[in-house]
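The values are calculated or read from the model by the stated rules, or taken from the named source; none is laboratory data. If you're wondering where the values come from, they're calculated on a predicted model, not measured in any experiment. Here the Cβ positions follow ideal geometry from the backbone for every residue, glycine too, while neighbour counts run over all protein chains shown.
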Amino acid sequence: MVPAQRSRSLVKRPIMLLFAVLLASMAFAMTAVTPAHADDVNTDKYQYVFSGNVKYNDKPLAGVEIDVSGNGYSATVKTDEKGQWSVGVPEKKKYDITLVESTLPKGVIVSQEGNDRLTISEKGATIEAEFGLTDSKSVNFFLGQGVRETVSFFDQFVSRAINGLNFGLMLALAAIGLSLVFGTTGIANFAHAEMVTFGALMALTFSVILVWPIWIAFPLAVILTGVLGWLQDVALWKPLRIRGLSIVQLMIVSIGFSLALRYVFQYFYGGRTYQLPDTGSKKIQLLGPIALSVTDMVSMGISIVMLLLVAYWLQRTKIGKATRAIADNSSLAATSGIDVDRVVRIVWIFGSALAGLSGILWAYFRPGIKWDMGWQILLLIFAAVVLGGLGTAYGALVGSIIVGLLVELSTLWIPSDVKYVGPFVVLIIVLLVRPQGLLGRRERIG
């Protein structure tokens, strides 16, 4: 083994383990600050406030869970000993207020009488609420006696598995782009999150602000994200590689570049949440417990087609084979006549374009577009890449599917507030057994 390969092998395994631990720590910290068990959430942070009382036979009910979601925002609160709750929201728009019926006393249910805007789902009772002339809105549920309709565990499992698969396929597009860049350059690119955001923002600009047809706006957004990837390599990453910066130095540069891009996005688009056309379409019952909206089905179809094209590109095309050769051994690839710089530049364009497409699909899955939306899933993207095996596109795909399924299925047993912790726990366990990841190649050290 040549010295360069040996040096890379010596640092790769501990970096993977250290990185996995850091990701898990950040995920735990992120979920730890989520106020899930208070009677007052975000009222000091936002101007607009929903509030209410939960009583049964004039007696207040404590510990009843209320979920507030909509416009890319969600929060969970529990009633206090007086049965009261309040939640601050960022925008004066419509929101879904859901009372989780499983947290009510036995034999008590939400009554549908006298409320045309209330719908009952497997989770609970939901009221679509909006503000009037004031900045506050009272939302109350009428309770009564009855038998709560429940959904079987199997039906919940299947439904959430489909959602997890959809999420995993979307995540795979971004993870494969990140993995290809790492495999060919060794850069752990934290600014990849901003490629996800940029794709969504460009789709917003063309389809909502300029009101172009989505069949023009969305492909153009993906193309421009690829162009941004090309500009990054030309103006930043290639000069730094020529200067011989270490992997750690390049990673620090990517963090700084990520922060700079993020606040540029905030400067131009502000801090509010935007929606793409046809967001929130109704779900269609397909087979048994499986219900998907048209947007969900289109999203999954696009993801599957793109992943198949990526596999064909890697296996059958000359550039794809050269990419795999460089990821395996860049020095040997260069001596065999492969133009490494040209292939790396194509990888930057291709990987960024995939991230931009993932951002558009993520905007529908959330739903909503915000200046820091890419950063919100960056940890999951890195988890998928490390879990599957650093530098391997197929490993990134497998890791993304696992992460997506774990995120959605874990809510069957744990609160939804901590559902992002599960993938990181599994990541650490897998890396303790296989430091190279599930599909990563074991490298000889000595």
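Points to keep in mind about this one:
- Test set (1) surrounded by 12 or more Cβ atoms within 10 Å (Cβ to Cβ); (2) over 23 Å from Leu361 (Cβ atoms); (3) without any contact (Cβ under 8 Å) to a residue 60 or more places away in the chain; (4) not β-branched (Val, Ile, Thr) - Trp237 fails condition number: (3)
- Residues of segment 356-373 that turn out to be part of a helix (DSSP H, G or I), touching a Leu at 6+ places or on another chain (Cβ under 8 Å), among the aliphatic types (A, V, I, L, M) and within 24 Å of Ser74 (Cβ to Cβ), as a count: 3
- Single residue of segment 246-265 satisfying the filter (loosely packed, with under 13 Cβ neighbours inside 10 Å and of a type outside the set (A, V, I, L, M)) that is farthest from Gly72 (Cα to Cα): Ser246
- Each residue in segment 63-87 was checked for being over 25 Å from the mean Cα position of the chain (by Cα) and either within 16 Å of Phe141 (Cα to Cα) or among the small types (Gly, Ala, Ser) (or both), and 10 of them qualify.
- Matching entry among Arg324, Arg272 (being basic (Lys, Arg) and either outside the structural domain of Gly177 (by TED's automatic domain parsing) or buried (at least 17 other Cβ atoms within 10 Å of the Cβ) (or both)): Arg324
- Any hit, segment 431-442, residues being among the charged types (D, E, K, R), modelled with pLDDT under 80 and part of a loop (DSSP other than H, G, I, E, B): yes
- Here Ile402 clears all of (1) crowded, with 24+ Cβ neighbours inside 10 Å; (2) within 30 Å of Ser102 (Cα to Cα) except the condition numbered (1).
- Taking the conditions (1) in contact (Cβ under 8 Å) with a residue 60 or more places away in the chain; (2) touching a Leu at 6+ places or on another chain (Cβ under 8 Å); (3) of a type in the set (A, V, I, L, M); (4) more than 30 Å from Lys45 (Cβ to Cβ) in turn, Met195 satisfies each one other than (4).
- Any hit, segment 420-429, residues being over 23 Å from Arg241 (Cα atoms), assigned to a loop (DSSP other than H, G, I, E, B) and either more than 22 Å from the chain's Cα centre (by Cα) or in the same structural domain as Trp215 (by TED's automatic domain parsing) (or both): yes
- When residues in segment 312-342 are screened for being without any contact (Cβ under 8 Å) to a residue 24 or more places away in the chain and acidic (Asp, Glu), 2 of them pass.
- Count of segment 44-60 residues which are basic (Lys, Arg) and touching a residue at least 40 places away in the same chain (Cβ under 8 Å): 2
- Some residue of segment 380-389 being of a type in the set (A, V, I, L, M, F, W, C), over 23 Å from Ile255 (Cα atoms) and assigned to a helix (DSSP H, G or I): no
- Test result for Ala161, of a type in the set (Gly, Ala, Ser), closer than 20 Å to Met306 by Cα, touching a residue at least 60 places away in the same chain (Cβ under 8 Å) and part of a helix (DSSP H, G or I): no
- Residue ID - nearest to Gln232 (Cα to Cα), chosen from residues in segment 246-282 that are of a type in the set (Lys, Arg) and under 21 Å from the mean Cα position of the chain (by Cα): Arg262
- Odd one out for Val64, checked against (1) in contact with a Lys or Arg (Cβ under 7 Å, 6 or more places away or on another chain); (2) exposed (fewer than 15 other Cβ atoms within 10 Å of the Cβ); (3) at pLDDT 85 or above: (2)
- Only one of the listed residues (Thr119, Thr150, Thr134) is surrounded by fewer than 17 Cβ atoms within 10 Å (Cβ to Cβ), modelled with pLDDT under 85 and assigned to a loop (DSSP other than H, G, I, E, B). That residue is Thr150.
- Failed item, numbered, when Lys238 is tested on (1) under 26 Å from the mean Cα position of the chain (by Cα); (2) among the basic types (Lys, Arg); (3) part of a helix (DSSP H, G or I): (1)
- Test: residue in segment 175-197 that is surrounded by fewer than 18 Cβ atoms within 10 Å (Cβ to Cβ) and either more than 30 Å from Leu118 (Cα to Cα) or assigned by TED's automatic domain parsing to the domain that holds Val298 (or both): no
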